[in-house]
1. Mind ordering B:135-147, A:316-328 by average Cβ neighbours within 10 Å, highest first?
2. Once amide H atoms are placed 1.01 Å from N in the peptide plane, what residues at a sequence separation of 5 or more from B:Ala68, or on another chain, have their amide H within under 5 Å of its amide H?
3. Would you mind giving the mean number of other chain beta-carbons within 10 Å of the Cβ of each residue in B:84-91, as a whole number?
4. Take the alpha-carbon centre of segment A:310-341, take the same for segment B:308-378, and report the distance between them in whole Å.
5. Over all residues in A:292-301, what is the mean tally of Cβ atoms on other chains that come within 10 Å of each residue's Cβ?
6. For a quick protection proxy, order the peptides B:361-371, B:208-218 by their average other-Cβ count within 10 Å, most packed first.
7. Starting from the amide H of B:Tyr293, placed 1.01 Å from N in the peptide plane, find each other amide H under 5 Å away whose residue is 5 or more places distant or on another chain.
8. Among B:Asp226, B:Asp103, B:Asp308, which one moves the most in a GNM of chain B with springs linking Cα atoms closer than 10 Å?
Amino acid sequence: MKKAFLFGLIAGLCLIGASAPMDMAGAGEAKVIATIQTGPEWEPLERGEPLTVPEVHYRVKHSPYKSELVRYGQFIFNEASWTLQGEYSCASCHYERGQTTGLIWDLGDEGWGSWKNVKYIRGGRYLPPFRHEGFTGHPDEIVGAASSIDRVCGRDPGFVFRSENFSPERLEALIAYIRSLEFTGSPFRNEDGSLTAAAQRGWKVFSDTKVGCIECHPGDPKNPRALFSDAQTHDVGTGRVGKDGFRTTPGAVFNTTALEAGVDPYGEEYDVPIIGLDLVKEFDTPTLRDIYASGTYFHDGSAQTLMSTIDNTTNTMDMHGVTSHLSESQLQDLVEFMKAL
Amino acid sequence: MKKKALLWSILGAGLISLVLAQSSNAGFIQGTRVRTDNPSPFHVTTSPDGKLLVVTNQSGHSVTLINAQTKKIIGEIAVEVQPEASVVSRDGRTLYVCNAESDNVSVIDIGGKSVKKTIKVGDWPCSVKLSKDGSKAYVVCSGNMWNSVDIIDTSKNEKVGEIKTSHYGPRDIAISPDGKTGAIINDSVGSINRTVDFVDLASGRITETRPIHGSANLRGVAYTPDGAFVLVTMEQPKNWLPVCEAENAQIFSNNLAVLETKPGGKVACMPLDEHNNYDGNPYGLAVDPGGKYVYIGIRSMHRVTILDLAKMTDIVVSSPQEELDDLKNDLTLMVDYLVQRVNVGLGPSSVCLSPDGKTLYAANYFSNSVSVISTPTD
C-alpha cells in the first residue's frame with residue numbers, strides 16, 4: 001500500500017515537473033493569447049515552393065491583375081528578412097505607398113560615384129525605362145521593368161539586399177505589385193478638377209515653345225492619361241562629369257577631411273561637395289504626373305524643390321527649358337502648374 | 001400570414017445576399033484600383049473604456065469593430081479610399097477615420113454603425129488624435145508637399161483651423177499628458193534631418209522645431225506618461241557611402257528616437273538592432289500607462305519589440321549629447337533595454353494598449369488579423 005502510494009506520489013510529482021517548466025517559462029513574459037481574424041487568413045508561400053497562383057494575365061494587358069500575385073509581391077516589398085540581418089525592405093526607400101524618401105544613394109551598378117535619387121515608382125508601369133540613365137529602355141515595358149529590378153535585386157548576387165536573390169517567380173510577383181501602383185492624383189487642383197488660376201497661367205508658360213517645357217514633357221492637363229514625358233533621354237545640364245562633378249548633395253556625406261582630423265566623419269556636414277562620376281550627361285525624361293509627390297528632382301536629387309528645377313540654380317543655364325528670362329511670378333506659376341499634374 | 005412570412009424571408013435573404021456580395025467585392029490595394037480580398041488592417045485603436053477595438057482596413061476601405069472582451073467582430077463600416085487611422089471620441093459614441101487617398105475624414109456614429117458626415121481635409125490624412133478634453137480632433141495631413149495638421153471641432157464636426165508645420169510631410173502627432181503641447185513628426189521627403197515640431201495647442205504656434213539628424217521614415221510618435229520625453233520610430237539611412245562599402249548597420253539601421261521635451265533638449269537615436277537581428281521598419285508604438293514599457297510594431301520583421309523605458313531614458317539623461325550621438329550605431333546597446341520580442345502576425349503596422357495597459361493589440365497588415373498580447377507582468 002505504502003509502495004503504491006509512494007509510486008503514485010513520485011508519478012504525480014514527475015507529471016507536475018514535466019508540465020511546470022512550460023508554464024513557468026512564460027510567467028511574467030508577454031505572449032500572444034489570441035488572434036482575431038479580421039479578414040481571410042493569409043500567409044506567404046515558403047521560399048522554396050513554386051508559385052501556385054493561377055496563370056497571370058498582366059503580360060498581355062494592364063488589368064485585371066491577379067490579386068494573389070500582387071499581394072505576394074506587396075509582401076516581398078515590405079519584407080526585411082530578405083536583407084542582411086533584416087535591416088530594411090524595399091519600402092525603406094520606396095516607402096509603403098511606392099513613394100520615395102527623396103534621398104540619394106550610390107548603388108554602384110551604374111558606376112561608382114554615380115549618385116541617384118530614389119525613384120518614385122507609382123505609375124511606373126506607364127513609362128519605362130525605369131533607371132535614370134534610361135539604360136533599360138527596352139521597348140517592351142515588361143522586360144524593362146524586369147531588367148530594372150533585376151539589375152539591383154537579382155543579377156548581381158546579393159548586391160543590395162546582401163542576401164539570397166529573388167527567384168524569377170518572386171521577381172515576377174514583385175513586379176506585379178510595383179505595376180499595380182497607380183498615380184495618386186494631385187491635391188493642388190480646384191474641387192472640380194480644373195486648374196487653379198495660377199496653374200492656368202503656369203500652363204501658358206509651360207506650353208510656350210520659347211520656354212520649351214512641352215517639347216520633352218508633352219501632355220494636356222485636361223487629359224488624365226497624359227504622362228508629360230517623351231520617354232527619351234536628354235542632356236539638361238545636370239550630368240556631373242569632370243570638374244562639374246563637384247557638387248552639393250541633399251544628403252549627409254562621408255567627410256574625409258573630418259575623418260583625417262579625427263572628427264566624426266558622419267557629423268554635421270550636410271552640404272559639402274562630393275565627387276560625382278556620372279557616366280553620361282543624358283538622363284531619362286521623367287513623367288510629370290504626381291511630380292508634387294516625387295521629389296527630390298533630377299537624377300541625383302540635386303533639386304530639392306520644383307522651383308530649383310527651373311530657376312537655373314542646379315543645372316547649366318537654360319538647358320532645362322529656357323527660363324532665365326522668366327519673372328519670379330512666372331516661375332512660381334510654372335511651379336503651381338507642375339504641382340497640379 | 002404565410003404569404004407575409006414568405007415575403008419577409010425573401011426580403012431577408014435578399015438583404016443578406018446583398019451584404020455578402022458587397023463584402024466579397026470589397027477591397028483594393030494600396031489606394032489603387034486593383035481588386036483584392038485582403039482588408040489589410042493598418043491601424044488599431046481602442047475606445048476610452050477599452051471595450052471596443054477599431055481596426056482600420058487600408059485596402060478594404062473600411063473599419064472593423066470588435067468587442068474587446070469577447071474578441072468577436074461586431075460590425076464593419078465602409079469608409080472612403082485607403083483609411084489609415086481612426087480615433088474614438090471620449091464619450092465612445094463617435095469614430096473619426098482618416099481616408100488618406102480621399103483626403104477626408106469619415107465621422108461615424110458607432111451605435112448606428114453608419115457614416116454620418118464626411119469632412120474635407122488636407123492631402124493624405126494618415127493620423128488622427130484627440131485633444132485631452134476631446135473637444136478637438138487633430139488630423140495629420142502627410143502629403144509630400146503639404147504641411148498642415150487640420151483641426152476638427154468634435155462638437156460641430158467641422159474643420160475649424162489648422163496648424164502649419166515647419167516642414168512638409170507631417171506623419172503623426174502625440175498630445176502631451178497635460179494636454180497643452182503637441183509633438184508632430186515631419187517625415188519630409190529629401191531631408192536627412194527630419195524634424196519634430198513642438199506645438200502650443202492653445203495658440204497653434206510652433207514653439208520649437210528639433211531635427212533628428214540622420215533620420216528618415218519617421219512613423220509614429222508618443223509621449224511618455226510623465227511628459228518628459230517624446231518617442232519616435234525611425235530609420236537611419238546610411239547613404240553617404242557607396243553601398244558596396246556597407247557593413248553592419250551601414251545601409252539602414254532602425255531606431256527609436258528619444259527626445260527630451262524641455263526646450264533644446266537632447267535627442268538620442270536608440271538602436272533597435274542587434275548583430276544578426278535587426279528590427280527592419282519599425283512602425284507604430286504604444287507606451288505603457290505606468291511608464292514602464294514601450295511597445296513597437298516591427299512591420300517588416302513581423303514582431304512586437306518591447307523595451308524598458310526607464311533604462312532608455314536613464315541613458316539619455318545621464319549622457320551628454322556627444323555620447324548619445326555615438327550610441328546610435330552601437331549594436332551592443334539594445335540588450336541593455338530589450339525586454340522581449342514577441343512574434344505576431346505578418347506586417348504589424350500599428351499597436352495599441354488597453355487603458356489598463358495589460359493587453360496589447362497589434363494590427364497585422366498581411367495576415368488580416370489582430371494579435372492580442374498579454375503584456376509583461378512583474
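FYI, it's all coordinate maths here, none of it is from the lab. The shown structure was predicted, so the numbers you read here are calculated from the model rather than taken from an experiment. Cβ coordinates were reconstructed from backbone atoms using ideal geometry, including for glycine residues, and neighbour counts include every protein chain displayed.
1. Highest to lowest by the protection proxy: B:135-147, A:316-328.
2. It is B:Leu52, B:Leu53, by chain and number.
3. Across the residues of B:84-91, the mean count of other-chain Cβ atoms within 10 Å is 0.
4. Each part reduced to its Cα centre gives a spacing of 47 Å.
5. For this peptide, the per-residue mean of nearby foreign Cβ atoms is 3.
6. Top to bottom by mean Cβ count within 10 Å: B:361-371, B:208-218.
7. Under 5 Å from the amide H of B:Tyr293: B:Asp288, B:Leu309.
8. Maximum among the listed residues: B:Asp226.
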